[in-house]
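Please treat every number below as a calculation from the coordinates, not as lab data. Everything quoted here is computed from the prediction, not taken from an experiment. Backbone-built Cβ (ideal geometry, glycine too); neighbour counts: all protein chains shown.
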Amino acid sequence: MMPATQLRVAVVQFAPKLGQVQANIAKARELCKGLKPRSLDLLCFPEMIFSGYVYPDTATITPYLEHPHTGPTSTFCAELARRLECFVAAGYPEKLEPHEQGPPLGGDSPSRHQPRIGANSAVMYGPTGERVGAYRKTNLFKLDLPWAVPGTGFTTTTLPHPLGPTTLAICNDLNVQGPAVWESLEEGPYELARHCMRSGTRLLILLNAWLHPDEDGEESESDTSSADSHMTPGKKEDMDEMEPSWEVMKYWATRLHPLWATVESAANKVNKEPGEHKAPDELLVVICNRFGDEGGERFAGSSVLMSLHRGSGRPRILHMMGQREEGVGVWTAKIGAQ
């Protein structure tokens, strides 16, 4: 067993310009120019960060769909991973092969009568510039539905120390997957949290384009009272946009409730299945979100690093960024032994 050690994480938060891929990559490169080789273990970019997110249909996003190995996101991440000698993860709109594409959804909206030829995807590159992981968003948000085919489920990859068993997910994956509906804080359902428990995940990475709570975003009416009572000292949403959105962070923590629920509550939630890994006592969660306004939508920023300790009854925020804070958050956290 390896001893507990430090995990060095960076999240890049900015407001991309819709459809301006090369300009957004140049912005990211500028923000990251001060990072030194071997100073990080992991660097994260948000969901569809270089293309932008709000595309109403297949026709409008088609020019920005990328090849999963040679597209601009993959090329940039491989280059940056090599330079910094660390792992780099980013979200992008993937161009699917013809046999992977989906038929139109159908319905009243014209946007639903076009074929679905892409996926809302994420890629990860390793310290030598090799592609080490990829994922397609499983729980599509309403803005993904006209053009994207859902992924086939969550996966966990064991990466070298100090990362260990790592699950990569995207934004709305945190929410309830239809046709299931939210029952209660105790019952959930909590699909992503359950996967992390079953797979022995030690590091959960969420790449987000999460909307501000004032918008009709990737958020539900679930009860956040438990997280609220433990994470905020009687504080309501701060109007200062350089402060984080406490409402959004509370919601994210609530959707991972089984990972920090009290011992009594957790005992009722976990039924270990054959072949299941032992869930670590502590899990680190990196949530990398964007901000800015796009297509009439406003994004929430508030990227955060959380520590969730099984049975503790409270999530713990280690580091965070403001709602409209541009830059690179460079954070260190203790990660437990494997």
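Please state the equivalent ellipsoid semi-axes for region 1-87: what are the square roots of 5 times the Cα gyration tensor eigenvalues, largest first, in whole Å?
Its equivalent ellipsoid spans semi-axes of 28, 14, 12 Å.
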Taking the chain, the lysine pairs whose C-alpha atoms sit under 23 Å apart (8 or more places apart or on different chains) add up to 17
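Would you mind classifying the chain by shape? Square roots of the alpha carbon gyration tensor eigenvalues, ordered a ≥ b ≥ c; an a/c under 1.5 is rounded, otherwise it is prolate if a/b is larger than b/c and oblate if not. Walk me through the numbers before you get to the answer.
Details: a/c = 1.35, a/b = 1.17, b/c = 1.15.
Judged from the Cα gyration tensor, the chain comes out rounded (a/c under 1.5).
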The simple spin-label model distance between His67 and Glu241, using points 7 Å out along Cα→Cβ, in nm, is 3.9
Here, Thr128 and Ala59, labelled 7 Å along Cα→Cβ, have an inter-label distance in nm of 4.7
In whole angstrom, the spacing between the Cα centers of region 140-180 and region 19-35 equals 25
Sparse-neighbourhood loop hits (trypsin sites (Lys or Arg not before Pro), region 97-167; DSSP loop; Cβ within 10 Å at most 14 others) -> Lys142
Total charge of the residues flanking Leu96 in space, meaning their Cβ is under 12 Å from its Cβ, with Lys and Arg +1 and Asp and Glu -1, is -1
The set of residues whose placed amide H lies less than 5 Å from the amide H of Thr138, leaving out same-chain residues fewer than 5 positions away, is Gly151, Ile170
For Gly52, other-chain or 5+-apart residues with amide H closer than 5 Å (H placed, Pro excluded) are Gly19
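What shape does region 91-174 take by its C-alpha gyration tensor, where a ≥ b ≥ c are the square roots of the eigenvalues and a/c under 1.5 counts as rounded, a/b above b/c as prolate, and the rest as oblate? Let's see the in-between values first.
On the way: a/c = 3.27, a/b = 2.22, b/c = 1.47.
In terms of gyration-tensor shape, prolate.
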If each part is reduced to its alpha-carbon centroid, region 286-326 and region 183-208 end up apart, in Å, by 16
Sorted by chain and number, the residues with a modelled amide H under 5 Å from that of His319, at a separation of 5 or more or across chains, are Leu305
Among region 18-41, those whose backbone N falls under 13 Å of a label point 7 Å along Cα→Cβ from Gln6 are 39-41
Relative contact order in percent for the chain (Cα pairs under 8 Å, 6+ apart) equals 21
With Arg29 itself left out, Lys, Arg at +1 and Asp, Glu at -1 over residues whose Cβ is under 12 Å from its Cβ give +1
Residues other than Glu282 with Cβ under 12 Å of its Cβ, Lys/Arg counted +1 and Asp/Glu -1, net out at +3
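In nm, what is the difference between 0.36 nm times the number of residues separating His309 and Lys17 and their Cα-Cα distance? If you can, show how the numbers build up before the last one.
On the way: separation 292, 0.36 × 292 = 105.12 nm, distance 3.75 nm.
Length gained between His309 and Lys17: 101.4 nm.
For region 67-209, what class follows from the C-alpha gyration tensor (a ≥ b ≥ c being the square roots of its eigenvalues): rounded when a/c is under 1.5, otherwise prolate if a/b is larger than b/c, else oblate?
Numbers: a/c = 2.66, a/b = 1.19, b/c = 2.23.
Judged from the Cα gyration tensor, region 67-209 comes out oblate (a/c at least 1.5, b/c at or above a/b).
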Karplus-derived 3J(HN,Hα) from phi for region 159-172 (6.51 cos²θ - 1.76 cosθ + 1.60, θ = phi - 60°), whole Hz, x at Gly and Pro, runs 9, x, 4, x, 6, x, x, 10, 10, 10, 9, 10, 6, 5
